[in-house]
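A.B. asks: Following this message is one structure expressed as structure tokens.
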Amino acid sequence: MAKRKIALAGIGKIAIDQHIPTLAQSSDWELAAAVSRHHKVEGVPNFTDFAQMLDAHPDIDVVSLCMPPVPRFDYAKAALEAGRHVMLEKPPGATLSEVFALENMAAARGLTLYTSWHSRSARFVPAAKAWLQGKRIDSFAVTWKEDVRKWHPGQDWVFEPGGMGIFDPGINALSIVTEILPDPIHLRSATLDFPANRDTPIAARLDFVHPHGAKVSAEMDWDHQGDDVWDIVAVTDAGTLALRNGGAVMEIDGVPKGDEAGLAGEYPALYAHMADLVAQGRSDVDLAPMLHVSDALTLGKRNTVSDFDW
Ligand code: NAP
């Protein structure tokens with residue numbers, strides 16, 4: 001079957017690390033244009049202006065948007081107005097209401113909108129979800145610690161309004177939590193550490209209400225030195241599940257599970273899902289991870305901590 005043409009806009013770290021290599025290997029997609037104000041992708045037509053790309057390429061009916069969340073809405077709106085299906089990097093927007101607006105626009109035009117959550121496609125997320133079904137959960141603890149200087153060197157947008165600070169990686173944890181926890185949770189309290197010279201938090205501690213009384217908490221830190229810690233540990237009546245390394249490792253009572261066969265990797269899985277959505281004329285818009293971030297920014301107690309500089 002012929003590959004479907006797709007355009008990529010916002011050629012920065014994640015586009016170069018994941019989207020471009022994934023599309024190059026894909027049997028579903030042909031990268032047919034790129035839009036970036038400062039970068040070029042070899043071997044495809046490059047544009048600095050998104051509207052010009054849309055005008056020049058009526059043959060490309062799908063766009064994938066990889067720029068940071070604040071500028072993304074205008075691109076998504078323009079794409080939907082021009083009759084294109086749209087895939088959004090995480091977090092899908094700067095606010096919940098702008099994503100609802102996009103969802104309505106897509107539905108009104110019969111177009112696909114996909115709010116992707118790459119961490120949900122980590123190797124052991126489906127197995128962890130299945131294992132937790134039917135078990136009594138006593139505690140559920142998220143620890144998400146990494147060094148922003150390592151993963152986002154010089155990216156000031158993460159500390160600007162709408163950049164979400166620690167919740168830029170923390171929302172990945174919340175995307176797994178909202179996928180694998182059998183019952184919905186909501187935030188009880190939060191403490192957020194804001195560097196005195198920045199507009200978004202660099203660390204957060206969250207406590208959630210669980211319908212059956214499990215203690216559900218998250219500790220997130222973006223000023224962490226040493227190895228990354230991306231762990232979720234659930235203590236249940238049938239043993240302890242640990243999902244480590246962002247879902248790449250799963251242990252039951254300390255014993256690692258063997259490889260899961262047949263999983264494609266995070267970004268190949270996202271693009272395979274987008275291909276299915278477009279083929280079936282469906283959208284996939286799930287804002288559950290972002291609801292918790294929005295609640296934390298609404299309810300959280302603000303601590304001011306030392307200035308952050310790169
Ligand atoms: P980035 O490298 O800082 O930015 C991506 C590109 O977006 C930039 O190269 C820039 O391209 C474009 N851009 C930036 N500001 C813009 C603006 N105001 N208007 C239009 N275009 C703009 O960021 P990133 O790390 O790739 O992250 C982008 C998104 O991917 C974020 O939502 C992030 O959460 C998500 N993500 C990142 C990672 C990671 O490891 N970094 C992992 C997974 C997901 P031009 O200036 O050339 O136009």
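A.B. asks: Those residues that are part of a helix (DSSP H, G or I) and surrounded by fewer than 18 Cβ atoms within 10 Å (Cβ to Cβ), I need them from segment 3-25; list them, please.
C.D. replies: Step one: of segment 3-25, the residues part of a helix (DSSP H, G or I) are 13-25.
Correct list: 13, 14, 16, 17, 21, 24, 25.
A.B. asks: Do you know which of the residues in segment 194-210 that are assigned to a strand (DSSP E or B) and open to solvent by 20 Å² or more (accessible area, probe 1.4 Å) is farthest from residue 178 (Cα to Cα)?
C.D. replies: Taking the candidates together, the pick is 205.
A.B. asks: Give segment 295-310 a look and list any residue that's surrounded by fewer than 16 Cβ atoms within 10 Å (Cβ to Cβ) and not in a strand (DSSP E or B), or say none.
C.D. replies: Listed by number, the residues that qualify are 298, 299, 306, 307, 309, 310.
A.B. asks: Do we find that residue 229 is touching a residue at least 60 places away in the same chain (Cβ under 8 Å) and more than 20 Å from residue 251 (Cα to Cα) in this structure?
C.D. replies: Values: touching a residue at least 60 places away in the same chain (Cβ under 8 Å): yes; more than 20 Å from residue 251 (Cα to Cα): no.
Answer is no for this residue.
A.B. asks: Residue by residue through segment 86-113, note down the ones that are buried (at least 17 other Cβ atoms within 10 Å of the Cβ) and outside any helix (DSSP H, G or I).
C.D. replies: Scanning segment 86-113 gives 86, 87, 88, 89, 90, 91, 92, 93, 94, 111, 112, 113.
A.B. asks: With the requirement that a residue be over 11 Å from residue 142 (Cα atoms) and not in a loop (DSSP other than H, G, I, E, B), what does segment 222-240 give you?
C.D. replies: Matches in segment 222-240: 223, 235, 236, 239, 240.
A.B. asks: Quick one: how many residues across segment 139-178 are open to solvent by 20 Å² or more (accessible area, probe 1.4 Å), in contact with a strand residue (DSSP E or B) (Cβ under 9 Å, 6 or more places away or on another chain) and away from the ligand (no atom under 13 Å from the Cβ)?
C.D. replies: Counting residues in segment 139-178 that are open to solvent by 20 Å² or more (accessible area, probe 1.4 Å), in contact with a strand residue (DSSP E or B) (Cβ under 9 Å, 6 or more places away or on another chain) and away from the ligand (no atom under 13 Å from the Cβ) gives 4.
A.B. asks: Among the numbered criteria (1) away from the ligand (no atom under 15 Å from the Cβ); (2) out of contact with any helix residue (DSSP H, G or I) (no Cβ under 7 Å at 6 or more places or on another chain); (3) within 27 Å of residue 94 (Cβ to Cβ), which one does residue 17 miss?
C.D. replies: Residue 17 satisfies every listed condition except (1).
A.B. asks: Name the residue, out of 49, 59, that is away from the ligand (no atom under 15 Å from the Cβ) and acidic (Asp, Glu).
C.D. replies: 59
The values are calculated or read from the model by the stated rules, or taken from the named source; none is laboratory data. All figures in this text were calculated on a predicted structure; none of them were measured in a lab. As a convention, Cβ positions derive from the backbone with ideal geometry for all residues, glycine included, and neighbour counts pool all protein chains shown. Areas reflect the complete protein model, heavy atoms only, side chains present, ligands, DNA and RNA absent. Shrake-Rupley method; radii C 1.70, N 1.55, O 1.52, S 1.80 Å.
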